[in-house]
Structure formats: C-alpha cells, structure tokens
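These notes are about the structure you will find just below.
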Amino acid sequence: MTPRTAAAIPIARPQIGEEEKREVLDVLNSGALVAGRRVAAFEAAFAAYLGVPYAAATSSGTAALQVAMLALGIGPGDRVVTSPFSFAATSHAVIHAGAEPVFADVDPATCNLDPNAVEAVLRRGRVRAILAVHLYGLPADMLAFRQLADRYGVLLIEDAAQAHGASIAGQRVGTFGDAAIFSFYPTKNMTTGEGGMVTTANPDVTRRARLLVDPRGDEEYAYEVVGFNYRMTEMAAAIGLVQLRHLDERNEQRREYAARYSNAFADLSWLRTPTEPPGYRHVFHQYTMRVPRHRDAFSRHLTAAGVGNRIYYPRLIPQTPAYRRRGFGGAFPDAEQLTREVLSVPVHPGLSPGDVGAVIDAVRAFQGAGA
C-alpha cells in the first residue's frame, strides 16, 4: 500500500489541549491506571449528558457494540438487520456475538438505514434486533425504527459511534434504543485516545455489560460470566471527561463550518451537499458530499490543492472479501450508488477560518475542470 501524503488541511485532527495533558499526568502520578474513579466519573457524566440512567465504558467502540449485543442476550441463531454502508465494525460485532447480520438498503438522501427496507426484512420474520447507524453525525430515523421495533417485537440498538451530541427534536441519540454505543476513536467528535461506551435505561443490561467488560465482578475471583478484558483505562477516562465538557462547543464549530460549505456550494450543480431533515441536529463527524460525475478526479484535484479528503465508504460491507467468504452478497442499489459518489472534506474544529476558505476555494475551482 502506498503511504498517504499528509495534506496541508487534514481530514481529521484530534483536539488535545493542555487540560487533557494535565489530567493524564495526574493519573500517571496516582499509580491507579485502570477502571477506577475516573472511569466511573466519565460513565456518570456521559450518561447525564445524554439523559440516560446508565453508561458502561469499554476499550473501543467495537468492543462496546459486541458487549451491547451480548448484554441484550443476542447470540447464535439470532438475526440483526443493519446497514451495508458503514464502517465494518457494525456488522463485525454482530458476528462476534454469534449472530447473523442481515443487510437492508439505505435512504440515499440521508445515507442512513431506510425504515422501509428494514420493514421488508422484518416482514420475513426471524429478526431479533435492528441495529441503526447514525452515519456521518446525522441521526437515523429513530422515531420510525422505534415504531418498527415495538410493532415487530424486536430489540433496537443504536450505533452512535459518529454522532456524539446529535439529536432529533431535542432528544439526543443514544436514548432511543434498548441500548446504544459510542466510539471515542481519535477522529471522532470527542476522543479518549481509544475507547467506547454502552448506554441504556435498563439496569440489567448495564450489569451484564459491566461483567462482560470486566468479569471480575463485585467479588474477586467469583466469576459470573465468561467475559472479556474490555476495560477503559483511567488515562482514557481522564481525557474523556475534559473532551465531554467541550463537546457541544466543538459540535457547534463543526456545524458552523458545514453551513459555510453548504452555502458556498449551493450553486454547484455537479455536487450535492449533506441534508439535515427538520428537527434533526447533524453534528458533522464528516461533511460528506455526493459527486455523481468525476468523483475520483475531484478527489485528486483536492489532494493536489492540499485538501484532505476521503471516501467513506468505497465498498459495501457484504461485498468485501471477508463477507463474501461467509456467503454474503445481495443487491443494495441506493447504497451501491453512494459508494460511487460520496466524498468527505475536512470539517473538524481544528480548522481555522482560513482553512475553511481554502477548502471552499479548492472545491469551487474544480467547477472549471469539466465537472
């Protein structure tokens, strides 16, 4: 693989300041490095931020997904309907739980799972759960999915790895499902270096999740479950507590930059800007445009101009080698169209106003290149 050349304006940049550094140094000086009071404080603060009773910290977002499903009782013989257009951790976790992912097509306007396509799968029966992804920071249609879950008697899980602080009608994502997960990978809207969180209103799910994360339980060496070591470190939690305090202001910065882009690109007929349905609050983990023609040439143009850009995602999960070997496939025409058209440009709060202007200039300059 050819190494990527660092862009002058990178697609992502973690926001780590002196406050985070001081908190990490305090942890290191304390000698208490794993699953202590800071992890407990971070869990409580994150739950309070969302407005849910419980949160359980994990070592990664992928671990959080696997733990959430196992804590909900999902396992061998179960089928979980989800999106084919996502980072593969979504469906990897289903498989690691012993269940089978069933893919449904997406809504091309939002890039999120299409409730109508999900219902078509539910009508065929034998589905245990819906796993909805809030892609790019835009909430999926959780009102429709909550209705479907209740009507068909299935569980509802939210993959909010890219949507910290996003909401529908003022209700934050991570509060609609039977459980939800978040990722704190460095490129996310807030980070702990690496880490994740399971959120739920169910105390039994929380208890099982915590035992799976740390099987030692309340009584040492009296193991109740065959769990994992998915514990969050105290250093990660210390970073997370600081990051959470800045999340809303940094999301506002992302929204401000996204609005500048959408206004600047409104007259460009050759690209489509992201949508935000009424009542939805998009937190722009990515600013993802659709470029129906010359997408790859456009990407090369941006790279030459020093503007970082990425295709999230260039292929569907069920059409990757690992999934084809397991017998997956299928046709998902709207999702397949997105793989040919989507392109993301920098929108993170590490950008300066000048950077945003440079991105706008680079995008608009392509208009004269035969777009």
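Structural remarks
- The set of residues in region 246-296 that are under 17 Å from the mean Cα position of the chain (by Cα) and under 14 Å from VAL363 (Cα atoms) comprises TYR287, THR288.
- So ALA362, is it within 26 Å of the chain's Cα centre (by Cα), surrounded by 15 or more Cβ atoms within 10 Å (Cβ to Cβ), not basic (Lys, Arg) and not in a loop (DSSP other than H, G, I, E, B): no
- Test: residue in region 167-182 that is out of contact with any Pro (no Cβ under 9 Å at 6 or more places or on another chain), more than 18 Å from ALA64 (Cβ to Cβ), modelled with pLDDT of 95 or more and assigned to a helix (DSSP H, G or I): no
- Of all residues in region 169-194, those satisfying the criterion of being crowded, with 20+ Cβ neighbours inside 10 Å and either hydrophobic (A, V, I, L, M, F, W, C) or free of Cβ contacts under 8 Å to residues at least 12 places away in the same chain (or both) are VAL173, PHE176, ALA179, ALA180, ILE181, PHE182, PHE184, MET190.
- Residue count, region 316-336 (criterion: surrounded by 15 or more Cβ atoms within 10 Å (Cβ to Cβ) and not hydroxyl-bearing (Ser, Thr, Tyr)): 9
- For GLY125: the one exception among (1) at pLDDT 95 or above; (2) over 18 Å from the mean Cα position of the chain (by Cα); (3) surrounded by fewer than 24 Cβ atoms within 10 Å (Cβ to Cβ): (1)
- Under the condition of being more than 14 Å from the chain's Cα centre (by Cα) and among the small types (Gly, Ala, Ser), the residues counted in region 65-112 number 10.
The values are calculated or read from the model by the stated rules, or taken from the named source; none is laboratory data. None of these values were measured; they are calculated from a predicted model. Methodologically, a virtual Cβ is constructed for each residue, glycine included, from the backbone with ideal geometry; neighbour enumeration extends over all protein chains shown.
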